[in-house]
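No lab work stands behind these numbers, since they all come straight from the coordinates. For clarity, every value in this text was computed on a predicted model and none was experimentally measured. For neighbour counting, all protein chains shown are included, and Cβ atoms are generated from backbone atoms with ideal geometry for every residue, glycine included.
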Amino acid sequence: MGLLDKIRGEFIDIIEWTDSSGDTMVYRFDRHDNEIKMGARLTVREGQTAVFINKGQLADVFKPGMYTLETDNMPILSTLMGWKHGFHSPFKAEVYFVSTRRFTDLKWGTKHPITLRDAEFGPVRLRAFGTYVIRVSDAGTFIREIVGTDGQFTTDEITDQLRNMIVSRFADIIGESKIPVLDLAANYDELGEFITGKIKDGFANYGLEVTKILVENISLPEAVEQALDKRSSMGVIGNLDQYTKFQTANAMEEAAKNPGGMAAGGMGMGMGFAMANQMGQSMAPQSQQQPAATPPPLPQTPQFHIAIDGTQSGPFDITVLKQHIHSGKLTRETLVWRQGMTGWTAAGQVEELANLFGAVPPPLPPQ
């Protein structure tokens, strides 16, 4: 600062700040050697707060209005400076103007995908982004906790920290909400309001108030979105049989327009009909398709073990058992067993064998 500026500064008795940047949150009013004349005029516009700092210590805070600086309206500074009686000489103090307007359209978003478990898709990864709005609610706390001695503090210097706070709470809330992924789009407003309420205390520790958090988008990985698009396409197509026939008819119509002549057109139509017939058969319901040419396998006949003279023999099928009945080795009292029976049983009591004994004539009566 030159000599002329120094001299001019001694006669300036108006303290004010007009902001044209749009992103400045705190501005330190520059005065030569920080000297302020007693009786100077302080102008604090709407959307501003003026904070006086004395030797690094927070002093008086002025809300919007016009003030003549005197000991009466600077009680804290008067106490810190030891002004027990009237004081009229210049004094040294730093003046910080704090913008209390709303700072809108600040961006937040996930740097890395959030992994959570979805009831329908299982483990999925989500990305999300949106905007938020803040304002300085406590100028003294904001200067003490965040700004420090920064002469011009802008939103860029704090948005990274605020964004991390929002993303951390968002990941925690969306993980606990158990809202299905496909239903998240219907709950953007509710999520934004819920996060706003949950995060207020964290912002208040910095002297800030978050007035609005907007969730603009929650997205899945590209591969998952492509799979969902295919799934949606199948839902739009509906009846796949009718769709295939429609596509075949279109192909036949295009073949008929072939400029190769009637012969080529007729052949194309013939091939089209053949293809349509084959595709129609392949798309027909299972009940309408022709049965397979291969006959089904023959049914399995039961096989029995028999007890002959106290010895287990077999297993034998029905044909062999008939021979044993005719030879007298197998009688109604002979014990038999097959797979599935709980124990040995007399052959005459087994349903599969009882009819076999009816076909054998009884023994001749004694002469």
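Of GLU176, GLU352, how do they rank once you tally other Cβ atoms within 10 Å and put the fewest first?
Result, fewest neighbours first: GLU176, GLU352.
Take ALA204 and HIS326, extend 7 Å from each Cα along the Cα→Cβ direction, and tell me the distance between the two endpoints in nm.
Label at ALA204, label at HIS326, 10.4 nm between them.
Give me ASP33, ASP23 sorted ascending by neighbouring Cβ count inside 10 Å, so fewest comes first.
In order of increasing Cβ crowding within 10 Å: ASP33, ASP23.
Quick one: length gained pulling ASP105 to ILE173 fully straight, 0.36 nm per residue minus the C-alpha distance?
Once the chain is fully extended between ASP105 and ILE173, it gains 22.3 nm.
Give me the percent relative contact order of segment 3-99, please, defined on Cα pairs under 8 angstrom at least 6 residues apart.
36 percent
First measure r as the distance between the Cβ atoms of ARG117 and THR154, then evaluate 1/(1 + (r/R0)^6) with R0 = 45 Å and state the FRET efficiency to the nearest 0.05.
Using R0 = 45 Å, I get an efficiency of 0.65.
How many nm is it between the label spots at VAL124 and GLU254, if each spot is 7 Å from the Cα in line with the beta carbon?
3.6 nm
Report the calculated FRET efficiency for THR342 and THR294 (r = Cβ-Cβ distance, R0 = 35 Å), to the nearest 0.05.
With a Förster radius of 35 Å, E is 0.40.
Just list whichever of LYS55/LYS200; LYS178/LYS198; LYS107/LYS230; LYS63/LYS84; LYS37/LYS84 have alpha carbons separated by over 22 Å in the model shown.
Exceeds cut-off: LYS55/LYS200; LYS107/LYS230; LYS63/LYS84.
What length, rounded to one decimal in nm, is gained on full extension from GLU35 through to TYR188, with 0.36 nm per residue of separation minus their alpha-carbon distance?
49.9 nm
Between segment 147-175 and segment 200-221, how far is it from one alpha carbon centroid to the other, in angstrom?
A separation of 9 Å, based on Cα centres.
Hey, rough spin-label estimate for HIS305 and GLU70, points 7 angstrom out along Cα→Cβ, what's it come to in nanometres?
Taking the simple label geometry, HIS305 and GLU70 are separated by 12.1 nm.
Which stretch or stretches of segment 103-130 have amide N atoms under 15 Å from the point lying 7 Å from ALA227's Cα along the Cα→Cβ direction?
Backbone N within reach: 116-126.
Residue by residue through segment 205-221, what is 3J(HN,Hα) from phi via Karplus (6.51 cos²θ - 1.76 cosθ + 1.60, θ = phi - 60°)? Round to whole Hz and write x for glycine and proline.
Each residue of segment 205-221 in turn: 5, 9, x, 10, 10, 8, 8, 7, 10, 10, 9, 8, 7, 10, 10, 9, x Hz.
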